[in-house]
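Q: The structure is given below, and queries will be raised subsequently.
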Amino acid sequence: MNSFSYRIGIGNDIHRLVEGRRLILGGVEIPFDKGLLGHSDGDSLSHAITDALLGAAALGDIGTHFSDKDPRWAGADSMVFLRHVCVLLTERGFQIANIDATILAERPKMMPHIPAMKAKLAEVMAIDPSQLNIKAKTNEGLDAIGRGEAIAAQAVALIFKSK
Ligand code: MG
């Protein structure tokens, strides 16, 4: 009988909303008058998920693998980071059990875009969409997120491998 070893990881990320940038979340472009500032595309949801997976595998964090000082990652598609981390997990025998994530954004409305984010992220991670949950909430007008100055995300990931 197989027995499995399970590991959990957490991820948190925030990027500032500025004019003149495209808004990319979960690998999906969302029509809005501002976008997320970052060395890469600033996709805070994908970064939180990437960090949760790295955390679960005890492989450090997104900054150690994809430094924001490295010109290779300037304007990078964050799907590249997520895909790479999934390869690292596969190489170590890990599979993803499930991921749960929350987007914290005052505007724009996220709900209409969540199915596309789920489809895109599941495809990049090579998992079934049922293994991924994405929630969205406002910050009730409080702090930088509530003032519409930033969009943050949180994620937890459970991974496992056969012992
Ligand atoms: Mg980030």
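Q: Can you classify the range 16-95 as rounded, prolate or oblate using the Cα gyration tensor, where a ≥ b ≥ c are the square roots of its eigenvalues, rounded means a/c under 1.5, and otherwise it's prolate if a/b beats b/c and oblate if not?
A: Verdict is prolate for the range 16-95.
Q: Work out how much length Asp143 to Lys163 would gain on full extension: take 0.36 nm times their residue separation and subtract the Cα-Cα distance, in nm to one decimal.
A: That pair, Asp143 and Lys163, stretches by 2.7 nm at full extension.
Q: Determine, from the Cβ-Cβ distance of Arg92 and Asn2 and an R0 of 22 Å, the FRET efficiency 1/(1 + (r/R0)^6), rounded to the nearest 0.05.
A: Taking R0 as 22 Å, the efficiency between Arg92 and Asn2 is 0.80.
Q: Give the cross-link partners of Lys120 among the lysines, using a straight C-alpha distance below 29 Å as the criterion and excluding same-chain residues fewer than 8 apart.
A: Lys34, Lys69, Lys109, Lys135, Lys137, Lys161
Q: Run the helix sum for the chain: -39,500 (n - 2.57) per DSSP H stretch of 4+ residues, divided by residue count, reported at 222 nm to the nearest 500 deg cm²/dmol. Intermediate results must be reported in sequence, preceding the final value.
A: Numbers: 5 runs with 47 residues, N = 163.
Result for the chain: -8500 deg cm²/dmol, rounded to the nearest 500.
Q: Hey, what's the chain come to in accessible area per residue, 1.4 Å probe, Å²? Before the final figure, lay out each step's value.
A: Numbers: 8310 Å² over 163 residues.
For the chain, the solvent-accessible area averages 51 Å² per residue.
Q: Do me a favour and compute the ellipsoid semi-axes for the chain from its Cα gyration tensor, root of five times each eigenvalue, largest one first, whole Å. Working shown, then result.
A: On the way: eigenvalues 146, 59, 35 Å².
Computed over the chain, the values are 27, 17, 13 Å.
Q: Using a 1.4 Å probe on the protein heavy atoms, what percent of the accessible area of the range 52-157 belongs to carbon and sulfur?
A: Solvent-exposed carbon and sulfur of the range 52-157 make up 54 percent of the total.
Q: While we're here: Springs between alpha-carbon atoms under 10 Å, Gaussian network over the chain: tell me which of Lys69, Lys120, Lys137 tops the mean-square fluctuations.
A: Lys69
Q: Sticking with this one: Summing +1 for each Lys or Arg and -1 for each Asp or Glu, what net charge is found among the other residues whose Cβ lies under 10 Å from the Cβ of Ala155?
A: Working: positive: none; negative: Asp13, Asp51, Asp100.
Taking every Cβ under 10 Å from that of Ala155, the sum is -3.
Q: Same structure, new question: Nearest 5 is fine: what % of DSSP beta bridges in the range 38-163 come out antiparallel, could you say?
A: Within the range 38-163, antiparallel bridges account for around 60 percent of the total.
Q: Could you give the alpha-carbon Rg of the range 22-68 over 2.2 N^0.38 Å, rounded to two decimals?
A: In units of the globular-protein estimate, the range 22-68 measures up at 1.25.
Q: Which semi-axis lengths, in whole Å and largest first, follow from the square roots of five times the eigenvalues of the Cα gyration tensor of the range 106-163?
A: 28, 14, 8
Q: Which net charge results for the neighbourhood of Phe32, defined as the other residues with beta-carbon distances under 12 angstrom from its beta-carbon, given Lys and Arg at +1 and Asp and Glu at -1?
A: +1
Q: Rolling a 1.4 angstrom probe over the protein chains, ignoring ligands and nucleic acids, what is the accessible area of Met79 in square angstrom, nearest 10?
A: 10
The values are calculated or read from the model by the stated rules, or taken from the named source; none is laboratory data. In this text, all values refer to a predicted model and were calculated from it rather than measured experimentally. Every residue, glycine among them, receives a Cβ derived from its backbone with ideal geometry; neighbour counts consider all protein chains shown. Remember, those area values only see protein heavy atoms, side chains included, never the ligands or the DNA or RNA. Shrake-Rupley method; radii C 1.70, N 1.55, O 1.52, S 1.80 Å.
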